[in-house]
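Data first, discussion second: the structure below is written as structure tokens.
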Amino acid sequence: MLYIEYPKCGTCRKAKKWLNEKGISYEQRDIKEQNPTVEELTEWYHRSGLPIKRFVNTSGTLYKEMKLKDRLPEMNDEEILALLATDGMLVKRPILVDEGFVITGFKEDEWKKLLGVE
């Protein structure tokens, strides 16, 4: 299982703590040091079944600086994925990737269900 995070993100720290408490093993990756590629993002997007907006970090500084709230509605999925691949800080995190699923953000109930833990 691949766990992608930004170590300074409070939600990522909370998710990582949760994984550790549940004894779930994972490979860790820093999204800022190793930005997801267009190919990875495209694969994860299609595998996840999530709306494209779930991959966008809408609360980030860069999102606001780039005025993406106004720009994204005019962009198609491929353009959005290409944009996200330019900077990991544009990507919603944490991301949890396994053979059977891809999930963005940390919602404990969703993670419990996906991982089959209490």
### Summary
Scanning the stretch 93-113 residue by residue, those at pLDDT 95 or above and of a type in the set (G, A, S) turn out to be G105
### Message
Condition check: touching a Leu at 6+ places or on another chain (Cβ under 8 Å) and free of Cβ contacts under 8 Å to residues at least 60 places away in the same chain. Does N57 satisfy that?
### Response
yes
### Query
List the pairs whose first member sits in the stretch 95-114 and is on the phi > 0 side of the Ramachandran plot, whose second member is surrounded by 14 or more Cβ atoms within 10 Å (Cβ to Cβ), and whose Cβ atoms are under 9 Å apart, counting only residues at least 6 apart or on separate chains?
G105/T11; G105/A15; G105/R54; G105/K92; G105/R93; G105/P94; G105/I95
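Let's see how each residue does on (1) within 13 Å of the chain's Cα centre (by Cα); (2) at pLDDT 95 or above; (3) surrounded by fewer than 19 Cβ atoms within 10 Å (Cβ to Cβ); (4) not in a helix (DSSP H, G or I):
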site: T11; (1), (2), (3), (4): yes, yes, yes, no
site: K16; (1), (2), (3), (4): no, yes, yes, no
site: N20; (1), (2), (3), (4): no, yes, yes, no
site: S25; (1), (2), (3), (4): no, yes, yes, yes
site: E33; (1), (2), (3), (4): no, yes, yes, yes
site: E39; (1), (2), (3), (4): no, yes, yes, no
site: H46; (1), (2), (3), (4): no, yes, yes, no
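The values are calculated or read from the model by the stated rules, or taken from the named source; none is laboratory data. Please read all numbers here as calculations on a predicted model, not as lab measurements. Glycine gets a Cβ as well: all are built from the backbone with ideal geometry, and neighbour counts include every protein chain shown.
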